[in-house]
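Below is one structure, written out as structure tokens; the observations come after it.
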Amino acid sequence: MRLTMREAASLLGVSESKTQRWVEERGLPAHRWDERWYVNRVELWEWAVEQGIPVSRALLEDAGRDRDASPRVSELLRAGGIYHDVPGATKEDALRSFVERLPLPEGQDREFLLDVLVAREALSSTGIGDGIAIPHVRNPILLHVERPFVALALLRQPVTFGAIDGLPVHALFMVISPSVSDHLGILARLAFVLHDQELRTLLRARAPADRILERVEIVESTRRTGEYPAVRPST
């Protein structure tokens with residue numbers, strides 16, 4: 001569902017003029033149609049999560065409706081895997097180690113995927129705060145995978161990631177999907193799950209995979225989280 005810039009501003013809790021500035025200054029995703037600017041709800045949710053900007057609960061609820069067509073995060077994590085003790089002293093090293101572990105189809109160019117992820121990070125960090133990052137590609141169709149999955153890397157040591165709160169990252173979620181619609185729906189589901197404080201505690205403790213999956217399933221089945229406040233960046 002499309003939002004006008006005024007509606008987007010209301011959900012973000014800022015003025016319409018500031019929202020317009022964010023399009024140019026911070027990459028807020030907006031699309032021009034019939035001489036007016038619009039924002040997709042799920043894209044706005046993804047951007048707000050990446051930027052650490054608190055948004056109205058109404059947007060989360062709408063994102064929840066949009067994500068109903070996507071597989072559950074718990075199912076996607078089982079397909080993609082949870083990897084402990086992933087090495088890497090730098091952001092690129094950690095991403096390389098993670099990409100090497102992904103269950104990609106035979107013949108998939110992992111170096112290409114790494115290059116795309118590194119280039120994506122150069123545009124803006126995917127660190128969302130509290131030691132978590134969601135590296136992903138903006139054009140998932142290029143990967144030519146049949147089914148989407150989410151993989152989780154729990155790093156051997158925290159890595160500087162340029163996250164919005166300045167904290168090093170210890171947990172990487174990788175979203176791999178065959179289409180843009182799948183990509184956005186999965187990100188919306190993942191963003192909702194990661195609002196859960198208990199899940200974040202398990203990630204910080206590098207808990208066993210079964211405990212992490214169990215918590216994700218609880219959050220998805222109850223559709224409730226122990227809410228974690230997003231970090232508001234300085235203006």
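Before moving on, here are some points about what is shown:
- Whether a residue is open to solvent by 10 Å² or more (accessible area, probe 1.4 Å) and among the aliphatic types (A, V, I, L, M) was assessed, and residue 167 passes this test.
- Within the range 78-91, the residues that satisfy the criterion of being more than 20 Å from residue 217 (Cα to Cα) and either open to solvent by less than 30 Å² (accessible area, probe 1.4 Å) or more than 18 Å from the chain's Cα centre (by Cα) (or both) are 85, 86, 87, 88, 89, 90.
- Subset tally (residues that are open to solvent by 10 Å² or more (accessible area, probe 1.4 Å) and either at pLDDT below 90 or touching a strand residue (DSSP E or B) at 6+ places or on another chain (Cβ under 6 Å) (or both)) for the range 193-207: 2
- The number of residues in the range 101-114 being exposed (fewer than 13 other Cβ atoms within 10 Å of the Cβ) and of a type in the set (Asp, Glu) comes to 2.
- Inter-residue pairs, beta-carbon under 9 Å, first closer than 17 Å to residue 29 by Cα and in the range 108-125, second exposed (fewer than 13 other Cβ atoms within 10 Å of the Cβ), 6+ apart: 120/138; 123/138
- Taken over the range 139-163, the criterion of being crowded, with 21+ Cβ neighbours inside 10 Å and in a loop (DSSP other than H, G, I, E, B) is satisfied by 148, 161, 163.
- Cross-chain or 6+ apart pairs with Cβ under 7 Å, the range 212-235 first and closer than 25 Å to residue 165 by Cα and outside any helix (DSSP H, G or I), then open to solvent by 70 Å² or more (accessible area, probe 1.4 Å) and at pLDDT 65 or above: 226/198
The values are calculated or read from the model by the stated rules, or taken from the named source; none is laboratory data. Note that the coordinates shown come from a computational prediction; the quantities given were computed from them, not determined experimentally. Cβ coordinates were reconstructed from backbone atoms using ideal geometry, including for glycine residues, and neighbour counts include every protein chain displayed. When the accessible area is computed, the model is the full protein with side chains, heavy atoms only, and any ligands, DNA or RNA have been set aside. Shrake-Rupley method; radii C 1.70, N 1.55, O 1.52, S 1.80 Å.
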